[in-house]
């Protein structure tokens, strides 16, 4: 049975309290829908960039944003890796909002399959490894960690999932998600995609257990600021069987919660800055159009006339102002003109 060793250090306790206060502050404030939609898109791009960058993907954030907006037909592996990660984030967002998130082996296999699809062989995608793997230092290319043998991996994964589910409502979600993250990396259940799957599953655990900053959150960003430090904290160095009884998760949990605080502060700052910038642009007419677009995706002049008492010439002026302010984009011509929220 998996029984992780850790202690609630003063630093860890203070971090947990601060995260609770920051989360409560954000949840108790109402931000314009337009702002949160823009922040969600930004967070997904930042996560896709950061998580793949951690694994050595060379694409800069500017290129990642362009890629997510205009996906080319002929993809390089570096581009495919980013698009896979973004698609997985969107999938997790949908099932989180629908309350259908179920942390299970099937779920984990699905996540790994999505992030590695088209990048590794089919028999290794969405499948627990049946071959030995070695973790190498990317700088020296020397082996620094020997993960568990393949025969032990299924049982170790089952124990880890069982630990997370059994302690829901017993331990703080931050403790559960943090321990899950590190132990998953230690088990190293896949030939490829372990880090990306660990980060996505840990984020999903937090969302499922109440820390639902998922849409705006990118703790991958924190890890990517100092990748060497992240690898030093999350991994082991040596042979799993010689280390498994002495692993202490305390230092990692302090680092894990430091990252969440860092991201919550970033999100808070960005939300406040964006709200100040956009509030003068949002009037009653704009709010009506934005609400309609959030529900239906697009709007034309005829549809606007059904939800507003504005005169035809004034409706045209409203659309023009919102386009100029960067709230919506215009598509089509003449009678076929319609509008969508600006990406």
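The values are calculated or read from the model by the stated rules, or taken from the named source; none is laboratory data. This structure is a prediction, so every number in the text was calculated from the model and none was measured. Here the Cβ positions follow ideal geometry from the backbone for every residue, glycine too, while neighbour counts run over all protein chains shown.
Looking only at region 72-87, decide whether some residue is assigned to a loop (DSSP other than H, G, I, E, B) and on the phi > 0 side of the Ramachandran plot.
Looking through region 72-87, none of the residues is assigned to a loop (DSSP other than H, G, I, E, B) and on the phi > 0 side of the Ramachandran plot.
Of the residues in region 157-170, how many are surrounded by 11 or more Cβ atoms within 10 Å (Cβ to Cβ) and not in a helix (DSSP H, G or I)?
Total meeting the criteria: 2.
Residue check, residue 1 against (1) part of a loop (DSSP other than H, G, I, E, B); (2) touching a residue at least 24 places away in the same chain (Cβ under 8 Å); (3) under 18 Å from the mean Cα position of the chain (by Cα), all met but one. Which one?
With respect to (1) part of a loop (DSSP other than H, G, I, E, B); (2) touching a residue at least 24 places away in the same chain (Cβ under 8 Å); (3) under 18 Å from the mean Cα position of the chain (by Cα), residue 1 is out only on (3).
So residue 129 ticks every box in (1) within 20 Å of residue 85 (Cα to Cα); (2) touching a helix residue (DSSP H, G or I) at 6+ places or on another chain (Cβ under 7 Å); (3) at pLDDT 95 or above but one. Which box is left unticked?
(1)
Can you tell me which of 3, 28 is in the same structural domain as residue 114 (by TED's automatic domain parsing) and surrounded by fewer than 15 Cβ atoms within 10 Å (Cβ to Cβ)?
Unique residue meeting the criteria: 28.
Taking the stated definitions as given, is residue 52 surrounded by fewer than 11 Cβ atoms within 10 Å (Cβ to Cβ), at pLDDT 90 or above and either outside any helix (DSSP H, G or I) or in the same structural domain as residue 267 (by TED's automatic domain parsing) (or both)?
Judged against the criteria, residue 52 is not a match.
Do any helices (runs of 4 or more DSSP H) lying entirely in region 188-249 carry at least 3 residues that are surrounded by fewer than 20 Cβ atoms within 10 Å (Cβ to Cβ), at positive phi and assigned by TED's automatic domain parsing to the domain that holds residue 26, and which ones are they?
So the answer is none; nothing clears 3.
Looking only at region 111-124, which residues are assigned to a helix (DSSP H, G or I) and surrounded by fewer than 17 Cβ atoms within 10 Å (Cβ to Cβ)?
122, 123
Restricting attention to region 289-302, report how many residues are farther than 15 Å from residue 320 by Cα and touching a helix residue (DSSP H, G or I) at 6+ places or on another chain (Cβ under 7 Å).
Residues that pass the stated criteria total 2.
Return the only residue of 229, 221 being modelled with pLDDT under 95 and closer than 25 Å to residue 26 by Cβ.
Just a single option satisfies the conditions, and that option is 221.
Identify all residues within region 90-105 that are in a helix (DSSP H, G or I) and more than 16 Å from residue 184 (Cβ to Cβ); write none if there are none.
Matches in region 90-105: 90, 91, 93, 94, 95, 96, 97.
For the condition touching a strand residue (DSSP E or B) at 6+ places or on another chain (Cβ under 9 Å), outside any loop (DSSP other than H, G, I, E, B) and modelled with pLDDT of 95 or more, what is the one hit in 108, 176?
176
Looking at 25, 14, which is the one that is on the phi < 0 side of the Ramachandran plot, at pLDDT 95 or above and in a helix (DSSP H, G or I)?
Result: 14 is the single residue among 25, 14 that is on the phi < 0 side of the Ramachandran plot, at pLDDT 95 or above and in a helix (DSSP H, G or I).
Would you mind stating whether residue 176 is under 20 Å from residue 12 (Cα atoms) and without any contact (Cβ under 8 Å) to a residue 60 or more places away in the chain?
yes
Within region 125-156, restricting attention to residues that are in a helix (DSSP H, G or I) and free of Cβ contacts under 8 Å to residues at least 60 places away in the same chain, which residue is surrounded by the fewest Cβ atoms within 10 Å (Cβ to Cβ)?
Here the residue is 151.
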